[in-house]
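Structure first, commentary second.
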Amino acid sequence: MGCARPVIGCHFTRETRVQIAFNDAASAIHCSLVDGLAKHTRRGNCALMWRQLLHASSKAALIGAESPGSDDEDDSESDDNGGEHDEEAVPEDPAYAVARAAHAAGVVAGAVECYGGARVEDYEPIFSLLTHKLLPALEVSRTAAAAGELGERGDAAAGLLVRRCRLTSSKPVLKAPTVSALEARIR
Amino acid sequence: MARICKWLQRQLASDLPLALSMTRTLRRHRQQHVRLFAAQAVAFLLRAAPDAAIPAGIAALFEEATASTAVVIVKKGSLPSAADGEEHREEKEEEVDVEEDDKEMAATGLVIADVEEVRDINDREIENNVDGAGALLSEALKGAAHGLHSRAPRLLSRILRPRLTRSEDDDDAEAAVKLGRAYDVAAKAVDGRDGWAVLGPS
């Protein structure tokens, strides 16, 4: 399991490029972490991992007007578990947001992929993440790419997001409506 | 190493960045089983650390795993006396420019045994670093009976949302160097990993 190559381009601002580069490397560590955890745990014992993973991924997939702090239910859960408040600011640059969403989808896809889906507690939250967070992110990224806001490399980031969404949705249990809707949107 | 971590847990866990830097060599070892053993030993510290020390530890670990340079020990000759060795060891820690340090040593007629040199790391080392960091974090979260540790929630919430530490005092040249390194690490960290490489953008 691993991650695709990073998407970094001259179009981005310096700060955004540093963020994306760091995010790429952090994503590789997350992939390694989730792989190790998924291999150690058994279905029924890794609900916490999935909850935190999907929570972080849904926050990472927020692109546009929505704020990561607006997810009240998940935030309260995070505070109960971790005792921390999310201080992360919304990144202004859509290119960084798209790359971040792509990496988040990649980590989730890696967790689903482990042992052919043997560690997935419940597919419903995953498809919910796909339909409610990642597909809107796809729409936003496609719109931004069409408007030329992302640049050439930003288009690549959007493409990466598409591929990872497809990988997340296609393993191992195929839910025909979700996958077909996904395919229709990303086509 | 596990015994050291056990007996000095309070001192080490209170300053996780320092403990991580001291165990860096083993955690980033080229042999996978050494990295795994080191990760298992140090994971105990992550679990035992107080809540206040966790963010700094996680940040230090991500910073270390994404670093693009490595400190290597280069053997240069025979070891001087113990007292001299101590002095030079302290000097070496303070000196940034190893070349200048060597020249001073040669001028004073002193020969040191090992010299620390900073160099760029290669693809294999980057892969090892990322793997070592992932192993440490996953070992810290693992619990008994194929489950998660009771400290897993607070660790996971921090791990999954790492924050890039930035210095606002960086001038343009320094920022450009940092950016180049970040690119390099990111590219090497995620490029050579199997499975998804074919799915990346062409």
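Within region A:1-29, which residues are more than 7 Å from chain B (Cβ to nearest Cβ) and either in contact with a helix residue (DSSP H, G or I) (Cβ under 6 Å, 6 or more places away or on another chain) or at pLDDT 75 or above (or both)? Lay out the reasoning, then the answer.
Here is the first cut: in region A:1-29, the ones more than 7 Å from chain B (Cβ to nearest Cβ) are A:9-13, A:15-16, A:20, A:23.
Answer for region A:1-29, where residues must be more than 7 Å from chain B (Cβ to nearest Cβ) and either in contact with a helix residue (DSSP H, G or I) (Cβ under 6 Å, 6 or more places away or on another chain) or at pLDDT 75 or above (or both): A:G9, A:H11, A:F12, A:T16, A:I20, A:N23.
Residues considered: A:L48, A:L37, A:L33. Of these, the only one that is assigned to a helix (DSSP H, G or I), surrounded by fewer than 24 Cβ atoms within 10 Å (Cβ to Cβ) and within 7 Å of chain B (Cβ to nearest Cβ) is A:L48. Could you figure out which of (1) modelled with pLDDT of 60 or more; (2) in a helix (DSSP H, G or I) isn't true of A:R42? Every condition holds for A:R42 apart from (2).
Being under 23 Å from B:T66 (Cα atoms) and either more than 7 Å from chain A (Cβ to nearest Cβ) or at pLDDT 80 or above (or both) holds for only one residue in B:L160, B:L164, B:L148, and it is B:L160. Among the residues of region A:13-26, those that are farther than 15 Å from B:N128 by Cα and in a helix (DSSP H, G or I) comprise A:R14, A:E15, A:T16, A:R17, A:V18, A:Q19, A:I20, A:A21, A:F22, A:N23, A:D24.
Return yes when A:E87 is surrounded by 15 or more Cβ atoms within 10 Å (Cβ to Cβ), more than 14 Å from B:L141 (Cα to Cα) and at pLDDT below 50 and no when it is not.
No, not satisfied.
In region B:99-139, of all residues being part of a helix (DSSP H, G or I) and exposed (fewer than 15 other Cβ atoms within 10 Å of the Cβ), the one that is modelled with the highest pLDDT corresponds to B:R124. Cβ separations smaller than 9 Å between residues 6+ apart or across chains give the following pairs from region B:118-145 residues that are at the interface with chain A (Cβ under 9 Å from one of its Cβ atoms) to residues that are aromatic (F, W, Y): B:A133/B:F62; B:E139/B:F44.
The values are calculated or read from the model by the stated rules, or taken from the named source; none is laboratory data. Model, not experiment: these values are computed from the prediction. Ideal geometry is used to build each Cβ from the backbone, glycine not excepted, and the neighbour counts take in all protein chains shown.
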